[in-house]
Amino acid sequence: MAGISTKLIHDDDSTARVPDVVQPINVSTTYRYSNNPDDLVPVTQRSDEEQLSELIYSRLNHPNSVKAETILEGILGGHVVVYSSGLAAFFAALTYYNPKTLAIGKGYHGCHGIANIFSRLNGLNQIGLDDDFSVLQKGDIVHLETPVNPEGTAFDIKYYADKAHERGAFLTVDATFAPPPLQDPFLWGADLVLHSATKYFGGHSDLLAGVLVTKDPKVKLQLFHDRVYLGTNIPNLESYLLNRSLRTYELRILKQSKSAEEVVKYLNDNIAKYPVLTKVYHASLQTDAFVKEQLTGGYGPTFSIEVSEAEIAKTLPSRLKYFHHATSLGGVESLIEWRALTDASVQPTLLRISIGIEDSKDLIEDLDQALRFEYK
Ligand SMILES: Cc1ncc(COP(=O)(O)O)c(C=O)c1O
């Protein structure tokens, strides 16, 4: 089988509509039907497969959304539906499963926000991942984020898959923090995998997108039909940018993963040197056996540090030269965020760090000078 980079560049060759090596940005929202009346077949008589890729109206499909799904299917090991954001994808997942109870743990605050909308609208019951699962019934959901936002530490997918399946529930895994080839949640029993493609797949901090991946073509079909009415297909321009980004995705993720491991190792090995640095969180520092088994392709490039005082966490980003103080992660530029600015669930001493593609030596030097600074 071809390697990831080869697939990212050639899996969509068959979808080309013009000879251009780079396919155009398509802005049309609507597509002319055939002039030959014999080609005109009512929707009730067109096959599922035809509906998944036919061009009628861009809320259903457009050339670059179909292309994005084709490219992503090559590397994600399942059937892919793309969305206008990661949260649109999570909303679609909950809409599809419509669970009575959702087991959800630590993780991105936005996913909790969506779960809370379902609780408000139709009384979705929410429990924690470590609560008693005996309340879970057939068709309910266990939602696991691993590695988890913001710490970048890993949870055991198989453990939660087994616990969910014992109750007839499904396991959804948000794998945004460790996309392929870092980990494959399907190997450990995930039923549905989610990615915020805004992060590593997009990689340039210039697009929003989300992805759901399923092994079951019937699930893809239902997700596709739901997306038509939710109105959450990825837009034209964003999908063009996503396809552009996917060509270089493997180069970026491997470099970001390697650099993050180096930076984390440096900080953790030298923690005693920096009185302001109190803790480093990252999957590479976990010793549980499942971590290495699950993250076979490398650790996620985002991690967190804790500093001794909230005031230091607030000030430290402004001392850095090569890290923008901004939310989000996964882009080519390294970012740091005083996480309390956007996430109400974390300690005010926490800083989240997303490693980009700069030279890791420069990033270490930069962090070193900011951590050595005498904060008043
Ligand atoms: C783990 C995780 N899942 C989902 C999302 C939501 O993605 P988006 O911002 O593309 O809606 C984020 C965003 O930061 C995230 O970190």
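The numbers here are math on the coordinates, done by the rules we state, and not lab data. Quick caveat, the model's predicted, so the values are computed rather than measured. Note that each Cβ is placed from the backbone with ideal geometry, even for glycine, and that neighbours are counted across all protein chains shown.
Some notes on this structure:
- Helical content alone sets the calculated 222 nm signal of the chain at -11000 deg cm²/dmol, taking -39,500 (n - 2.57) per DSSP H segment of four or more residues and averaging over every residue.
- Fraction of beta bridges assigned by DSSP in the chain that are antiparallel (%, nearest 5): 60
- Rounded to the nearest 10 degrees, the inclination of helix 236-246 to the longest alpha-carbon principal axis of the chain is 60 degrees.
- Helix 157-166 axis versus longest C-alpha principal axis of the chain: approximately 50°, rounded to the nearest ten.
- From the C-alpha gyration tensor of the chain, square roots of 5λ in Å: 37, 25, 18
- Inter-part distance, the range 181-226 to the range 312-354, computed on C-alpha centroids, equals 26 Å.
- For the peptides 189-197, 30-38, 279-287, 138-146, the ranking by mean Cβ contacts within 10 Å, running from highest to lowest, is 189-197, 138-146, 279-287, 30-38.
- The ellipsoid equivalent to the alpha-carbon distribution of the range 249-372 has semi-axes of 22, 16, 15 angstrom, derived from the gyration tensor eigenvalues as √(5λ) and listed largest first.
- Long pairs among Lys321/Lys361; Lys106/Lys138; Lys106/Lys273, criterion Cα-Cα beyond 20 Å: Lys106/Lys138; Lys106/Lys273
- Where the alpha-carbon atoms of the range 34-168 are placed on the principal axes, they occupy 61, 31, 27 Å, in descending order.
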